Amino acid sequence: MGYYNTGDPARSPVIQASIRRPSMSEDIGRRCGNRPLGVTVSEVTFKRKKDPEVFQTVSDGLKKLYKTKLLPLEEHYKFHEFHSPALEDADFDNKPMVLLVGQYSTGKTSFIRYLLEQDFPGMRIGPEPTTDSFIAVMHGDTEGVIPGNALVVDPKKPFRKLNSFGNAFLNRFVCAQLPNPVLESISVIDTPGILSGEKQRISRGYDFAAVLEWFAERVDRIILLFDAHKLDISDEFSEVIKALKNHEDKIRVVLNKADQIETQQLMRVYGALMWSLGKIVNTPEVIRVYIGSFWSHPLLIPDNRKLFEAEEQDLFKDIQSLPRNAALRKLNDLIKRARLAKVHAYIISSLKKEMPSVFGKEGKKKELINSLGEIYSRIEREHQISPGDFPNLKKMQEQLNAHDLNKFQPLKMKLLDTVDDMLAHDIASLMVLVRQEETNRPQQGVKGGAFDGTLNGPFGHGYGEGAGEGIDEAEWVVARDKPMYDEIFYTLSPVNGKVTGANAKKEMVKSKLPNTVLGKIWKLADIDKDGMLDDEEFALANHLIKVKLEGHELPADLPGHLIPPSKRKIPAE
């Protein structure tokens with residue numbers, strides 16, 4: 001017997017099949033080899049699309065998706081031997097991390113001390129290469145240092161997989177713990193100063209670029225520090241920057257010690273840095289470069305103090321946003337990892353397919369490795385994959401030389417379909433959860449240390465400047481120039497001591513500011529909201545025009561010190 005969809009969900013073939021037992025005639029027919037017209041339960045179970053997973057938190061969702069849907073694909077095709085070790089719970093639960101990278105004596109350790117406003121265990125600062133270790137500066141109830149070998153066995157720390165880099169690295173890896181309010185929100189990774197020359201690179205005893213690449217996958221921000229006096233980018237530094245490929249969205253650049261050179265020279269240094277970076281970092285977007293002097297010593301040349309203050313505030317805002325965006329970053333990194341894992345599966349299975357089962361294995365292996373670029377192109381065409389999703393060709397060829405291609409696995413579409421389902425459905429539900437968590441959670445941000453140093457008081461950024469000018473003065477700051485504004489006011493034919501909007505507009509547009517800006521100035525200046533301006537309001541409007549023309553931002557609401565004295569009893573809207 002057949003079923004037809006009459007518009008009632010309860011009468012649909014799928015629902016009917018899922019709630020009824022097969023009739024006796026269908027059961028007899030099935031045993032006799034006849035195919036019944038009705039849909040059986042087993043057929044429905046096979047055809048029905050699985051609903052997206054339901055998660056309580058973003059972190060729990062990421063962990064479950066990775067373990068159940070992505071990890072099986074990675075293990076089946078030896079992803080961890082080629083690209084990145086398997087992720088663990090601590091990778092999803094850890095605080096946002098900031099990775100500092102730079103040549104020696106660029107001020108990496110001083111930068112950390114500047115943020116924390118205190119020394120940390122194991123800290124050494126000097127003009128020569130002093131930091132020869134990776135130092136994870138993290139929050140702890142008591143000050144202390146945990147050596148690398150102990151650190152990589154701690155399941156609560158996100159460093160267990162660094163064990164694969166061996167003792168040469170672990171002897172140069174420590175965790176400095178201390179109670180500091182900044183470290184309650186973020187962790188900072190200090191790195192050895194990058195030196196020039198092949199000898200220095202080899203003497204490390206471990207793959208420095210590979211370690212940085214491991215950290216780059218897991219951190220939230222990568223800060224490249226440059227010394228304004230030494231812009232030469234060594235071969236190793238160039239190699240390191242290239243190892244950060246696919247993580248350009250995390251990279252910020254700091255041109256440090258900028259207070260030690262004159263303004264004209266600083267402009268040339270900035271231009272030279274941008275040119276050098278442009279040759280290494282192949283992105284259409286210009287990398288954000290922050291200029292300043294990130295230590296607590298007096299400025300040697302104070303001419304650019306305002307510039308340094310503004311740049312510092314921009315950098316601090318960027319770092320302070322990390323806790324709020326941590327879940328989204330981890331979600332984004334999981335998506336990037338899933339895309340790479342899919343491509344890796346196609347590459348491995350293609351190589352397996354081409355390998356002979358008995359004779360000529362070594363010759364065919366060399367042939368396939370040499371023609372890997374052509375295999376990339378074929379996979380790209382067949383599966384409509386972006387070229388940017390493929391791993392580095394040269395590096396992949398080097399790694400394949402150490403593997404037996406016959407031991408690779410053939411293509412298993414079920415694993416790939418599971419990952420596709422995760423990307424198409426489960427990730428979308430997690431995105432909704434990310435937004436919900438951001439809405440329900442109080443505003444997160446990095447607090448303490450240098451981040452609190454310029455928030456309040458007269459040394460806050462922009463204090464006493466622009467719209468804040470005159471904030472501490474007893475006199476109304478606009479009164480200084482009011483006689484000049486009054487002369488203009490009385491040429492605009494005021495009626496009953498006020499000029500109309502049309503007449504005021506004729507004068508205000510002479511500033512050449514856009515109408516949107518002038519409209520905001522009008523809204524701030526028209527204190528009593530009567531659509532006209534008296535002499536005080538007109539003077540205030542001109543004062544705000546001056547503020548804007550001098551390059552300052554207009555306030556969202558009129559500050560109390562700018563309200564004309566005669567109107568300070570009228571609440572500003």
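The values are calculated or read from the model by the stated rules, or taken from the named source; none is laboratory data. These figures come from a predicted structure and were not determined experimentally. Neighbour counts run over all protein chains shown; Cβ positions are idealised from the backbone, glycine included. Remember, those area values only see protein heavy atoms, side chains included, never the ligands or the DNA or RNA. Shrake-Rupley method; radii C 1.70, N 1.55, O 1.52, S 1.80 Å.
Assuming a ≥ b ≥ c are the square roots of the Cα gyration tensor eigenvalues, decide whether segment 220-268 counts as rounded (a/c under 1.5), prolate (otherwise, with a/b larger than b/c) or oblate.
Prolate is the answer for segment 220-268, as a/c is 1.5 or above and a/b outweighs b/c.
Could you tell me what percent of the accessible area of segment 95-322 is made up of carbon and sulfur, with a 1.4 Å probe and every protein chain present?
50
Can you figure out the FRET efficiency of residue 393 with residue 242, using R₀ = 22 Å and their beta-carbon distance, to the nearest 0.05?
Calculated value: 0.95.
How much accessible area per residue does segment 56-114 have, counting only protein heavy atoms and a probe of 1.4 Å, in square angstrom?
That works out to 33 Å² for each residue.
Kindly flag which residue pairs out of 482/548; 510/569; 250/317; 108/156 have an alpha-carbon separation exceeding 21 Å in this structure.
Going by Cα-Cα distance, 510/569; 108/156 fall outside the 21 Å limit.
Can you give the FRET efficiency to the nearest 0.05 for residue 414 and residue 336, using r as the Cβ-Cβ distance and R₀ = 22 Å?
0.45
Which whole-number percent of Cα pairs in segment 467-567 have a distance greater than 15 Å?
58
For segment 230-308, state the average projected area of the convex hull of the C-alpha atoms over all orientations, rounded to one decimal in nm².
The Cα convex hull of segment 230-308, projected and averaged over all directions, gives 5.8 nm².
From largest accessible area down, sort 295, 476, 275, 522; use a 1.4 Å probe on the protein chains.
275, 295, 522, 476
Add +1 for every Lys or Arg and -1 for every Asp or Glu among the other residues with Cβ under 13 Å from the Cβ of residue 75, and state the total.
After counting each charged neighbour, the total is +2.
Among DSSP beta bridges whose residues both lie in segment 95-322, state the antiparallel percentage, nearest 5.
Taking every DSSP beta bridge with both residues in segment 95-322, the antiparallel ones total about 25 percent.
Of 484, 560, 518, which is farthest on the positive side of the dipole of segment 467-567, counting Cα position, with +1 on Lys and Arg Cβ, -1 on Asp and Glu Cβ, and the Cα centre as origin?
After comparing all options, I get 518.
Could you estimate the translational diffusion coefficient of segment 95-322 from the Stokes-Einstein equation, with Rh from the Kirkwood formula over C-alpha pairs, at 37 °C and 0.692 mPa s, in whole µm²/s?
Approximately 182 µm²/s, per Stokes-Einstein.
Placing +1 at every Lys and Arg Cβ and -1 at every Asp and Glu Cβ, with all other atoms neutral, what dipole size does segment 335-428 have around its Cα centre, in debye to the nearest 20?
Using Cβ point charges on Lys, Arg, Asp and Glu, segment 335-428 gives about 260 debye.
Can you give me the % of accessible surface on segment 467-567 that is carbon or sulfur? Probe 1.4 Å, all protein chains present, nothing else counted.
After summing per-atom areas, the C and S share lands at 54 percent.
Select from segment 493-554 those trypsin sites (Lys or Arg not before Pro) which occupy a DSSP coil region and have at most 14 other Cβ atoms within 10 Å, ordered by residue number.
The qualifying sites are 512, 529.
Once the Cβ-Cβ distance between residue 204 and residue 432 is put in as r, and R0 is 41 Å, what FRET efficiency do you end up with, to the nearest 0.05?
My answer for the efficiency is 0.35.
Determine how large the accessible area of residue 110 is when every protein chain is in place; take a 1.4 Å probe and give Å² rounded to the nearest 10.
20
Whose amide H sits under 5 Å from the amide H of residue 180, counting only residues 5 or more places off or on another chain, with H placed in the peptide plane?
Answer set, sorted by chain and number: 140.
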